[in-house]
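Each remark here refers to the structure printed beneath this line.
The values are calculated or read from the model by the stated rules, or taken from the named source; none is laboratory data. Everything quoted here is computed from the prediction, not taken from an experiment. Using ideal geometry, Cβ is built from the backbone for each residue, glycine included, and neighbour counts are taken over all protein chains shown.
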Amino acid sequence: MTSNVTHNCSRTKQEVVRERLLKMFTFSLTFVRQACVSCQVLQHAVWLHVCLGETQYNREKLLQGQGVDTLLSETGVQQAEAAGQYLKDIAFTKVFVSNLQRAVQTAEIILRNNSHCSGMEMVLEPLLRERGFGVAEGRHKEYLKNMANAAGQSCRDYTPPGGETLDQVKLRFKKFLKALFKQMLDEHLSSGPAASSGASASGDVAQGTAAVASNTPPCCSADDGLQGVLVHTLVVSHGAYIRVAIWHLVEDLNCALPAGAKMQQVFSPCPNTGISRFILTLSESESGPVLSAARCVFTNRKDHLENLADGE
């Protein structure tokens, strides 16, 4: 009789742990900026977290928002190839890409180089498009700078006529995160904890949470921060957009930063194909998924560009 009681108590504890695991989900979010693009059109007119590769517009310091949609330059293709080689051993489970062609091309090259994801379907997401620069698109950056100076504002904070404010860009990112969180947690709950949580059903949930909240210094490896995390999301977007996204994650969502990280570097402009990574833990609530822990592993990493003549 005593033996049965002990067995029942043990089973109940396992069920409690399983239930807690089902309601908690950790995944990585890696941003890449698009590479550089070639100059093909001159219209009105640029993380995860990967930034895009270079375009001819980047090289000529012309603004690219949403109205200018060009392909990568030769240098941009090389940058995307380098990013793909750097990330080749990361088994991404989901890939979200801005639907502008310079971002799509960057993502295609990254996935083509990946040992696990070649041929993986990408989700083209308009919410990841670059910030709109209105009348300044296709113009030299000095044009925007002069407009900002005339308005008594910094270039980053200034919104040209017809352009998007930083708050509008942030709202797009928040909508993307909300949809992503719901999709991630729904899939996790339907598959069970063993399939995607990164933690054992017999282990202690608190250990996984502590790992997410830690500030382990990066060691410049492509898999930094991914130990024990089984679900990896790749986001390919644009420089100004990723900068706003990182600001929201750090300032609004209280994302923990690496030990010794300087805010100036965290919020610095993302280089072409610069890579940023965040580890996020979601929990289930009555109102839907909530972010229970967030850790920044690194931002704007460009180690993969060291051997290229024009890494920026």
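Here are LYS61, LYS88: which of them is surrounded by fewer than 20 Cβ atoms within 10 Å (Cβ to Cβ), under 16 Å from VAL236 (Cα atoms) and more than 16 Å from the chain's Cα centre (by Cα)?
Only one candidate qualifies: LYS88.
Taking TYR241 as meeting all but one of (1) crowded, with 24+ Cβ neighbours inside 10 Å; (2) touching a Ser or Thr at 6+ places or on another chain (Cβ under 6 Å); (3) of a type outside the set (Val, Ile, Thr), write down the number of the exception.
(2)
Which numbered condition in (1) modelled with pLDDT of 75 or more; (2) part of a helix (DSSP H, G or I); (3) out of contact with any Asp or Glu (no Cβ under 8 Å at 6 or more places or on another chain) is the only one that ALA194 fails?
Going through the list (1) modelled with pLDDT of 75 or more; (2) part of a helix (DSSP H, G or I); (3) out of contact with any Asp or Glu (no Cβ under 8 Å at 6 or more places or on another chain), ALA194 breaks only (1).
Could you list, in sequence order, the residues of region 163-190 that are surrounded by 15 or more Cβ atoms within 10 Å (Cβ to Cβ) and among the small types (Gly, Ala, Ser)?
Across region 163-190, the qualifying residue is only GLY163.
Does THR281 satisfy the criteria of being farther than 29 Å from GLY65 by Cβ, surrounded by 22 or more Cβ atoms within 10 Å (Cβ to Cβ) and either at pLDDT 95 or above or of a type in the set (Val, Ile, Thr) (or both)?
Considered against the rule, which asks whether it is farther than 29 Å from GLY65 by Cβ, surrounded by 22 or more Cβ atoms within 10 Å (Cβ to Cβ) and either at pLDDT 95 or above or of a type in the set (Val, Ile, Thr) (or both), THR281 comes out as yes.
Just give me the residues in region 128-160 being closer than 24 Å to VAL50 by Cα and either surrounded by 20 or more Cβ atoms within 10 Å (Cβ to Cβ) or in contact with a His (Cβ under 8 Å, 6 or more places away or on another chain) (or both), in sequence order.
LEU128, ARG129, GLU130, ARG131, GLY132, PHE133, GLU137, GLY138
Among the residues of region 159-170, is there at least one that is more than 19 Å from ASP69 (Cβ to Cβ) and in contact with a Lys or Arg (Cβ under 7 Å, 6 or more places away or on another chain)?
no
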